[in-house]
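Participant: Handing you a structure now.
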Amino acid sequence: MNFRNKEQIVTCGAIPPLVELLKFQNASTLRELATAAILTLSTAPPNKPSIVESGVIPLLVQILSCGGVQGRVDAVTTLYNLSTSKQEPTVVPEAKAVPPLINLLKECKKSSKFAEKATALIEIILNSEEGRSSITNAEDGILTLVETIEDGSLVSTEHAVSALLTLCLSCRSKYRQLILNEGAIPGLLRLTLYGTEQAQDKARTLLDLLRDSPPEKRLSSSVLEKIVHDIAARVDGSEETAETAKSLLQDMVQRSMGEIQINASSSS
């Protein structure tokens, strides 16, 4: 079905009946079929405003909690389609979507396309105060994001580190220790080497925020990398500088991770 056909279906009034079907909580098969239909229609950009205005968002969030496996997968993908639209209006799923999204993220492979969509939605929701409160109240909410940084794809790790950075920037004193308690440092150190360019930048910023020293006394990750790069240039010359600098940084990451593990063992 092409975009034009999907747009014609919406123009003919298909969305309201589908929304009504989502309200039948005792008819799981009908709800799943309706969710799948709305998902298909949501892939056409011209349809997104009509879908958002239909009042379907709370019903999709409800399906995240109590729908069948396929229904939940389709609900996540639909919300992702609507939340990432370049046209207006876009949608920010309500904060109550966070706990079921975290549960779904726990259950799926962190490097999957589904995980990428789930973490993208969580990142969007955490821009609100209600969303940030919701993730701290969700069981293993921050831990699940930390695990995604460790095991996720390039896309899901970028969304996960963005979500944690949003928390820490909103209130460092409130979220810093919560993030540290879940063992975020090793994954963030790895991300400074192996993540996308944006993920590396965000991981460095978050690592700086997680340090205990005052801001004016911190050696930022970007400054540290410049120092390492300069040392490498003096040792190997310009042609091999990048490779030597990366090797030095990898060694520093491994040493830092070893120190963290030793400190954790001695304190337990």
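The values are calculated or read from the model by the stated rules, or taken from the named source; none is laboratory data. Predicted model only: the values in this text are computed from it and were never measured. Don't worry about glycine lacking a Cβ; one is built from the backbone with ideal geometry, like all the others, and counts go over all protein chains shown.
Participant: Go over the candidates Lys106, Lys96 one by one and state the one that is surrounded by fewer than 20 Cβ atoms within 10 Å (Cβ to Cβ), under 14 Å from the mean Cα position of the chain (by Cα) and not polar (S, T, N, Q).
Facilitator: It is Lys106.
Participant: What are the pairs, 6+ residues apart or on separate chains, where a residue within the stretch 15-27 that is assigned to a loop (DSSP other than H, G, I, E, B) has its Cβ under 9 Å from a residue that is charged (D, E, K, R)?
Facilitator: Pairs found: Lys23/Arg31; Phe24/Arg31; Gln25/Arg31.
Participant: Tell me yes or no: at least one residue of the stretch 154-174 is surrounded by 18 or more Cβ atoms within 10 Å (Cβ to Cβ), of a type in the set (Gly, Ala, Ser), modelled with pLDDT under 95 and in a helix (DSSP H, G or I).
Facilitator: No; the residues of the stretch 154-174 include none that is surrounded by 18 or more Cβ atoms within 10 Å (Cβ to Cβ), of a type in the set (Gly, Ala, Ser), modelled with pLDDT under 95 and in a helix (DSSP H, G or I).
Participant: Among the residues in the stretch 51-64, are any in contact with a Gly (Cβ under 8 Å, 6 or more places away or on another chain), farther than 20 Å from Ser112 by Cα and part of a helix (DSSP H, G or I)?
Facilitator: Yes, there is a match, as at least one residue in the stretch 51-64 is in contact with a Gly (Cβ under 8 Å, 6 or more places away or on another chain), farther than 20 Å from Ser112 by Cα and part of a helix (DSSP H, G or I).
Participant: Out of (1) over 13 Å from the mean Cα position of the chain (by Cα); (2) surrounded by 15 or more Cβ atoms within 10 Å (Cβ to Cβ); (3) modelled with pLDDT of 95 or more, what's the single condition that is false for Ala138?
Facilitator: Answer for Ala138: the failing condition is (3).
Participant: Out of all the residues in the stretch 38-79, which are within 15 Å of Val19 (Cβ to Cβ) and among the hydroxyl-bearing types (Ser, Thr, Tyr)?
Facilitator: Residues satisfying the conditions are Thr40, Ser42, Ser50, Ser54, Thr78.
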